[in-house]
There are 2 protein chains.
Amino acid sequence: MSTPLFPAPAGKADLETGDVLTPRFGPDGTVTCVTVDADSGAVLMVGHMNAESLARTIASGEGWYWSRSRGELWHKGATSGNVQRVEELLVDCDQDALVMRVRVDGHGATCHTGRVSCFYRRVVLGRRPGPDAPASLEVVGEAPRFDPADVYGKG
Amino acid sequence: MSTPLFPAPAGKADLETGDVLTPRFGPDGTVTCVTVDADSGAVLMVGHMNAESLARTIASGEGWYWSRSRGELWHKGATSGNVQRVEELLVDCDQDALVMRVRVDGHGATCHTGRVSCFYRRVVLGRRPGPDAPASLEVVGEAPRFDPADVYGKG
């Protein structure tokens, strides 16, 4: 077995007030990472980091994730050029979530659809959704900055 | 079986470009919700919503979550008074994460430690962590706005 990159989480007090990072990885071995624009503060994406991707992010100052869909380490921007330069990495009270403030290279776009942010639609509020009346979405984000077919292929 | 509150997710194109909310709830029946301050944009907390808490949030315009630790619906602020008024609820490209822009009642604090945000420590970057040299944390957030013992009891 490999040596651990992070100490095991201790009790509640150490998690909340300690000065050592002891991430509480979930059943799939990842913590949630909320990636935000270092200047505007806008949320760009929500990703997942396992121990190795978190260690690489801390060491390199570039955003690394664990791709749950592909089951592999993911250096964000390696294909598209939209590499994430980490300005600050924050951890929450119980150490199971991260906020990563980044500046994005390339097109400055984070979403695989070519948009700056993955969060380009809002939910219409004010009515309980149900089987006959689903909740609606409205587009709020700007247009894509690149064509995914050009960047990732027609795949 | 109860009738579904949200339609089942369809294919990739509908998820990414559709105008109907079809959340992709994970194995535990929840989606991740990133809750941010509607004015400053600061990330306040990362929570989880099951179908019922998401429906209540959409209908009421107040933040409802699923507490994974307590296994129950959670009207945020019901005990502390720090109720979340929803200004905007955004969904991401593949509909498995939400960003909720809120204004917070009461102390204006979201973290159970009494702080405005759960993200009050940052990770020291630039060196790969390992068994003999864990990653360090530095406090960056402001002081707590309330004493948890006063609000939640001595527990």
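When the residues of the range A:128-154 are filtered to those that are away from every other protein chain (no Cβ under 12 Å) and in a loop (DSSP other than H, G, I, E, B), which remaining residue is surrounded by the fewest Cβ atoms within 10 Å (Cβ to Cβ)?
The selected residue is A:LYS154.
Of the numbered conditions (1) without any contact (Cβ under 8 Å) to a residue 24 or more places away in the chain; (2) under 25 Å from A:LEU21 (Cβ atoms); (3) in contact with an Asp or Glu (Cβ under 9 Å, 6 or more places away or on another chain), B:VAL83 fails exactly one; give the number of that condition.
Failing condition for B:VAL83: (2).
Which condition breaks for A:VAL34 when tested against (1) closer than 20 Å to B:LEU44 by Cβ; (2) in a helix (DSSP H, G or I); (3) not hydroxyl-bearing (Ser, Thr, Tyr)?
(2)
Quick one: is A:THR32 surrounded by fewer than 23 Cβ atoms within 10 Å (Cβ to Cβ), facing chain B (nearest Cβ under 9 Å), in contact (Cβ under 8 Å) with a residue 12 or more places away in the chain and over 11 Å from the mean Cα position of the chain (by Cα)?
Here the answer is no, as A:THR32 does not meet what is asked.
Examine the range A:80-100 for a residue that is acidic (Asp, Glu) and farther than 27 Å from B:LEU89 by Cα, and state whether such a residue exists.
No, every residue in the range A:80-100 fails to be acidic (Asp, Glu) and farther than 27 Å from B:LEU89 by Cα.
Among the residues in the range B:114-127, are any in contact with a Pro (Cβ under 6 Å, 6 or more places away or on another chain), at the interface with chain A (Cβ under 10 Å from one of its Cβ atoms) and at pLDDT 95 or above?
yes
Would you please name the residue that is nearest to A:GLU16 (Cα to Cα), looking only at residues in the range B:93-113 that are of a type in the set (A, V, I, L, M, F, W, C) and within 14 Å of chain A (Cβ to nearest Cβ)?
Start the filter on the range B:93-113 by keeping residues that are of a type in the set (A, V, I, L, M, F, W, C), which leaves B:93, B:97-100, B:102, B:104, B:109, B:111.
Add one more test, that the residue is within 14 Å of chain A (Cβ to nearest Cβ), and what stays is B:93, B:97-100, B:102, B:109, B:111.
Working: B:CYS93: 32, B:ALA97: 25, B:LEU98: 25, B:VAL99: 24, B:MET100: 24, B:VAL102: 24, B:ALA109: 16, B:CYS111: 11 Å.
This residue is B:CYS111.
Within the range A:81-92, track down each residue that is crowded, with 20+ Cβ neighbours inside 10 Å and either of a type in the set (Phe, Trp, Tyr) or more than 14 Å from chain B (Cβ to nearest Cβ) (or both).
Kept after step one, since they are crowded, with 20+ Cβ neighbours inside 10 Å, are these residues of the range A:81-92: A:82, A:84, A:86, A:89-92.
Of everything in the range A:81-92, just one residue is crowded, with 20+ Cβ neighbours inside 10 Å and either of a type in the set (Phe, Trp, Tyr) or more than 14 Å from chain B (Cβ to nearest Cβ) (or both), namely A:ASN82.
Go over the candidates A:ASP105, A:ASP39, A:ASP132, A:ASP96 one by one and state the one that is modelled with pLDDT under 95 and among the acidic types (Asp, Glu). So that I can check it myself, show each step before the final result.
Numbers: A:ASP105 fails: modelled with pLDDT under 95; A:ASP39 fails: modelled with pLDDT under 95; A:ASP96 fails: modelled with pLDDT under 95.
It is A:ASP132.
Let me spell it out: the conditions are (1) in contact with a strand residue (DSSP E or B) (Cβ under 6 Å, 6 or more places away or on another chain); (2) not in a loop (DSSP other than H, G, I, E, B), and B:ASP14 meets all of them except one. Which number is the exception?
Failed condition: (1).
The values are calculated or read from the model by the stated rules, or taken from the named source; none is laboratory data. Since this is a predicted model, take the numbers as computed values, not measurements. All Cβ positions, even for glycine, are placed from backbone atoms using ideal geometry, and neighbour counts span all protein chains on display.
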